[in-house]
Amino acid sequence: MSELAFEDIPISQVNEYPVTKSVKIQGTAGCGKSTQAFRRMVECAHERDVDVEDIAVISYRVDLIEELLDDLVKEVGLLHQFDLESTGGRTKYLGTAHAVAKRMLGKTDMVTWQDRKDWCNTRDWEYTGDRSLGKLFFSVNDWLVDNQVPAEEATRAPEYDDFESELGRPIDIEPLLEDWLEYKLENDLYDFSDLLTVAISEELVPDVEILVIDELHDVYPLLNDVITMWIDEIQERDGTVIVAGDTNQVINSYQGASAEFFNDIDLPEVWLGKSWRVPESHFELAKDVLSQSQEAPDVEADSDDGELSVIRSGEHLPDSQGSNNPIQLLEETLEYDYGDEDNEETVMYLARTQSQCEYISESLKESGILFGGSTGSNAWTRSESHERVALYYCLRKLSSIDESDFEVKEWDSHATFEQGADISLYTDDLREFVKYVPAEYIIGSKEELRDELKGEDSWKESLLTLWVEPEFWREFTEGADSLDNLNLNQELEAWVRPALENPDNAEVTLGSTDSQLINVRTIHASKGAEADLVILYDGITRRIHNSMFEDNEARKNEDRVWFVALTRSREKMVVVQDGFSYTTNYLNNIGDLL
């Protein structure tokens, strides 16, 4: 969040608006909105003498909530490590609005991908790919619910014409929408948006004294109604409400998001007028893009040390091995030597669509690079990455043991290590690894071993010998070959094997066992995120291009999308043009602006 210790970060306008007073924090990219919101939250908790159970924090980004939880443990002390093992309890009200609503609602069965596919099968509809008949129907359905538009006005949904075109004939969609609702009722299932509609109908409000809502600017009508209900109720209880947002980063207008929702919140405003993160050269370019269709923010950047460059290539992904290839870009633009394990430079690949991110992710995956990213980009989400990295680390460390390093005592069948074997395994990693080890290699039960590992930071291999059969050391010290002996699904093995086969690539990209230095995100999923180096793939699809000429608001929204993209870097940005055969460059004048 800042180079300062968390408790040393000044709170803006605190004399005018004390920490117990409800406020609306507004500022541009990189100005520290989230940091200010959380600083106020912590000090307000101290002033009110309340614990984390009395605080609700709502954000659209799951990873931001996870980062906050870590900070509350390590920097602030409002939480303990064991609090993070459950999403209920003391952290019940920290999450997305949907997650918090679900916890208040209680045990619910959620609609799955398979449920929607099964329903589509009864109509002989495909439910694969973004443009299949089933996917288009549910795009219409979800848009109507999120925007609170009645079924008789379904033609207003952005995907309606595509749905009808794919169907091949005009149709009355209302009976289909009613049938899907009946299907959910019969099976007692909740759709994602149903969590919010039920929260409104049953007036479910977090039982807290402090409510914090981050990135509030990009809410759609249904979500706005839930948020407004919570804000009003918390204020009615004399609680403190802290909201943060930036109307220049409203980039989901196609989903119904509008700056009006943020502007309509009647709270004293804390204005943050300086971007601490974004270099001046990047910010000026971002403002030039934004000013094509709307007023750009009148703020200054704190730093002018940023680098900005453009790469153009005649070759296109995914087949290109030229200058726009993700691996080559990484090798050529990182400040440290590729393979240096002491680096801490973070990298973010950005692209407009999920399909572009999937190509980038596949290139990184095949090279053995461990990376995080947004859901839908085929990158490793934070929860998945811990599972995979733990598996990688355990097998990588175990592979350093040679068969000559140990011998088996005949009298007790345990392996004893010579002096040369000296490895230490993090217990969190080891607990994850043991899940995949066949039971015959464990002395006792796997549950007993995993329980034994709780409460310790690390285990030496000599301690592990007391819990595993001698054959364990022969089967699981062979690196990538050891994967064949574990109980893994094909997807997990496919991710970990290239990393074990290319350990130099894997380890240069790891910051810790649950954090990657490299991330792949769509621009929409990058709001609130940042990196030292951003590799931005310029380009929009024909569908996005056409929508901009049909709707002026779509053009404004697209300018805001690229404003967000151009303000993610702390130091260096590389813009890659002509990267994909099916996209056209959006930043056409970027060369003239450099």
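The values are calculated or read from the model by the stated rules, or taken from the named source; none is laboratory data. This is a predicted model, so every value here is computed, not measured. With ideal geometry, Cβ positions are generated from the backbone for all residues, glycine too; neighbour counts draw on all protein chains shown. All accessible areas refer to the heavy atoms of the entire protein, side chains included, with ligands and DNA or RNA removed. Shrake-Rupley method; radii C 1.70, N 1.55, O 1.52, S 1.80 Å.
For segment 41-62, give me each residue that is in a helix (DSSP H, G or I) and open to solvent by less than 10 Å² (accessible area, probe 1.4 Å).
Met41, Val42, Cys44, Ala45, Val52
Taking each residue of segment 4-19 that is part of a loop (DSSP other than H, G, I, E, B) and looking for partners that are polar (S, T, N, Q) with beta-carbon atoms closer than 9 Å, six or more apart or interchain, yields Ile9/Ser2; Ile9/Thr35; Ile9/Gln36; Ile11/Gln36; Ser12/Gln36; Val19/Thr240. The residues of segment 344-358 include none that are surrounded by 22 or more Cβ atoms within 10 Å (Cβ to Cβ), hydroxyl-bearing (Ser, Thr, Tyr) and either modelled with pLDDT under 85 or assigned to a helix (DSSP H, G or I) (or both). Annotation: Ala529 fulfils all but one of (1) within 30 Å of Ile251 (Cβ to Cβ); (2) more than 22 Å from the chain's Cα centre (by Cα); (3) aliphatic (A, V, I, L, M); the unmet one is (2).
Every residue in segment 184-223 that is open to solvent by 20 Å² or more (accessible area, probe 1.4 Å) and not in a loop (DSSP other than H, G, I, E, B), please. Scanning segment 184-223 gives Leu185, Glu186, Leu189, Tyr190, Asp194, Thr197, Val198, Ile200, Ser201, Pro221, Leu223. If you filter segment 273-292 down to residues that are within 20 Å of Gly245 (Cα to Cα) and small (Gly, Ala, Ser), you find that the one that is surrounded by the most Cβ atoms within 10 Å (Cβ to Cβ) is Ala286.
Restricting attention to segment 251-269, the residues that are closer than 17 Å to Phe563 by Cα and β-branched (Val, Ile, Thr) total 1. Here Glu384, Glu410, Glu341 are screened, and the one residue that is closer than 30 Å to Arg474 by Cβ, in contact with an Asp or Glu (Cβ under 9 Å, 6 or more places away or on another chain) and at pLDDT below 65 is Glu341. Restricting Thr465, Thr522, Thr477, Thr509 to those that are in contact with a helix residue (DSSP H, G or I) (Cβ under 9 Å, 6 or more places away or on another chain), farther than 30 Å from Glu345 by Cα and touching a residue at least 60 places away in the same chain (Cβ under 8 Å) reduces the list to Thr477.
So in segment 570-584, with the set limited to residues that are in a strand (DSSP E or B), over 10 Å from Glu307 (Cα atoms) and touching a residue at least 60 places away in the same chain (Cβ under 8 Å), which one is most open to solvent (accessible area, probe 1.4 Å)?
First, pick out the residues of segment 570-584 that are in a strand (DSSP E or B): 570-577, 580, 583-584.
Restricting the remaining residues to those that are over 10 Å from Glu307 (Cα atoms) gives 575-577, 580, 583-584.
Filter once more, keeping what is touching a residue at least 60 places away in the same chain (Cβ under 8 Å): 575-577, 580, 583.
Details: Val575: 0, Val576: 1, Gln577: 3, Phe580: 2, Thr583: 19 Å².
Out of the qualifying residues, it is Thr583.
Apart from one condition, Val140 fits all of (1) closer than 19 Å to Thr122 by Cα; (2) outside any helix (DSSP H, G or I); the exception is (2).
If you go through segment 419-452 and pick out every residue that is open to solvent by less than 40 Å² (accessible area, probe 1.4 Å), at pLDDT 85 or above, of a type outside the set (S, T, N, Q) and part of a loop (DSSP other than H, G, I, E, B), you end up with 3.
State which residue is modelled with the highest pLDDT when the search covers only segment 72-110 and only residues that are exposed (fewer than 14 other Cβ atoms within 10 Å of the Cβ), within 22 Å of the chain's Cα centre (by Cα) and part of a helix (DSSP H, G or I). Only one residue fits best here, namely Lys74. A count restricted to segment 535-554 and to residues that are over 25 Å from Ile360 (Cα atoms) and open to solvent by 80 Å² or more (accessible area, probe 1.4 Å) stands at 3. Taking segment 283-307 as the range and being of a type in the set (D, E, K, R), in a loop (DSSP other than H, G, I, E, B) and at pLDDT 90 or above as the test, only Glu295 passes.
Residues that are within 33 Å of the chain's Cα centre (by Cα), free of Cβ contacts under 8 Å to residues at least 24 places away in the same chain and open to solvent by 90 Å² or more (accessible area, probe 1.4 Å) within segment 147-179 comprise Thr155, Arg156, Asp161, listed in sequence order. Just so you know, in segment 462-496 the residues that are of a type in the set (A, V, I, L, M) and part of a loop (DSSP other than H, G, I, E, B) include one that is surrounded by the fewest Cβ atoms within 10 Å (Cβ to Cβ), and it is Leu466.
For segment 458-471, the criterion of being closer than 24 Å to Gly372 by Cβ and in contact with a strand residue (DSSP E or B) (Cβ under 7 Å, 6 or more places away or on another chain) is met by at least one residue. Checking each residue in segment 236-272 for being surrounded by fewer than 18 Cβ atoms within 10 Å (Cβ to Cβ) and touching a Leu at 6+ places or on another chain (Cβ under 9 Å) picks out no residue at all.
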